[in-house]
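Read through the structure below, which is laid out as structure tokens, and then see the notes.
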Amino acid sequence: METLPHDMQHMRSLLFLNLKGCTSLNSLPEISLVSLETLILSNCSNLKEFRVISQNLEALYLDGTSVKKLPLDIKILKRLALLNMKGCTKLKEFPDCLDDLKALKELILSDCSKLQHFPANRRKHQDNISQLYQLKWLDLKYCKSLTSIPKLPPNLQHFDAHGCCSLKTVSNPLACLTTTQQICSTFIFTNCNKLEMSAKKDISSFAQRKCQLLSDAQNCCNVSDLEPLFSTCFPGSELPSWLGHEAVGCMLELRMPPHWRENKLAGLALCAVVSFPNSQVQMKCFSVKCTLKLEVKEGSWIDFSFPVGSWRNQDNVVENTASTEHVFIVYISCSKIFKRLESQHFISSDPTKSTLSSKCSPTKASFKFTVTDGTSEIPGLEVLKCGLRFFIGGESSGECLKKLEVKDAEQNLSAQQLSDNWTSESVTTTEVAV
């Protein structure tokens, strides 16, 4: 079947049409299926041109087709929530009417190896994608010709640019910041080895701002204690300058000040620089983990484990990287720590009744970063540097956002100014058993 029969237009109640794998299909007729909500054209490898056959589409699968571009009238799809164009290897650009797809929640463009502009660069203002307030998932993995990323929308939960080997620049700020709703979000730039230094700084700066906003609005976050509220990763060998505590190696130790439970501690940003081997390593996946050992009273410790980042590649192989180091940053709410301490009666829900170390004996903490495959540490993958910063909540969200929008040069406070309630006592690179 090379095309659809015209008499299909009389199927006015048709909701779902699956043509997956129809390799002989090369065109769609000028028909209108008024009720059609889901159209699946996956792996119709000879389909070179897409035609809108229903204005009521909510899900459109064009993955594995030979479509070179989308028609401008795709903007009439006001109800489209999912667009999958994975593996459209002939797609060179995306139309600049993307901002008309107001209902779009998930956009998959991975493996579009010829995609150079996203969206097309014909408009004066290139922030139109930032107006897609419903967009939650944007997948650009292995778009190997893509050179820049526009400003991303505020409610994005998952952005993946892994393997975009030509990517050089990102927007500053990376995404719109909003105080109306704080959500979990992940921004992945692994194996983007041509990222310019300015782009890496923009990503790091965005991470700092996002962490502070999450700290000030943490009560808006409805997530499990184990789930990071924010994470990002990108090629690099340097820790962000805004961290309050740093160490060479995988281990960092510090003393917490008296009454730290009462100081509106909202969360902490954890960071690790991981070195990868020059040759490919066979593994299903890997993850960067941080184990916190907290002294709850002299001689008595309690452990916490936090995910810092993970990496799962196609064909279960970690690729050879031109830059052999990557920076992983994650923000964790401290509510998990407090709840665990309360459940074991080390502290009370009333912070003034805490049984932690007294004023004369500040609580000790150690942070150990490891790289594992889920069961054991991976030889050859090494944590070169690690760091963290504590975030204090309490500012009004609007006031905080206004402060965070100043130029980076004006807000680049020293680590001591940023974390003046937290004093680093000692640092060691020796791995210890936890």
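Nothing in this text is a laboratory measurement; each read-out follows from the coordinates by a stated rule. Model, not experiment: these values are computed from the prediction. For neighbour counting, all protein chains shown are included, and Cβ atoms are generated from backbone atoms with ideal geometry for every residue, glycine included.
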Report summary line: Given 9-19, 66-76, 288-298, the highest-first ranking by average Cβ count within 10 Å works out to 288-298, 66-76, 9-19
Report task. Starting from the Cα-Cα distance between THR89 and LYS297, subtract it from 0.36 nm times their residue separation and give me the gain in nm to one decimal. Result -> 68.9 nm
Requested in this report: Find out how many positive minus negative residues lie around ILE53, taking Lys and Arg as positive, Asp and Glu as negative, among other residues whose Cβ is under 15 Å from that of ILE53.
Outcome: -3
Query raised in the report: For the pair SER45 and ASP73, how long in nm is the line joining their label points, each one 7 Å along Cα→Cβ?
Result: 3.0
Query raised in the report: In nm, what is the difference between 0.36 nm times the number of residues separating TYR133 and VAL248 and their Cα-Cα distance?
Result: 37.3 nm
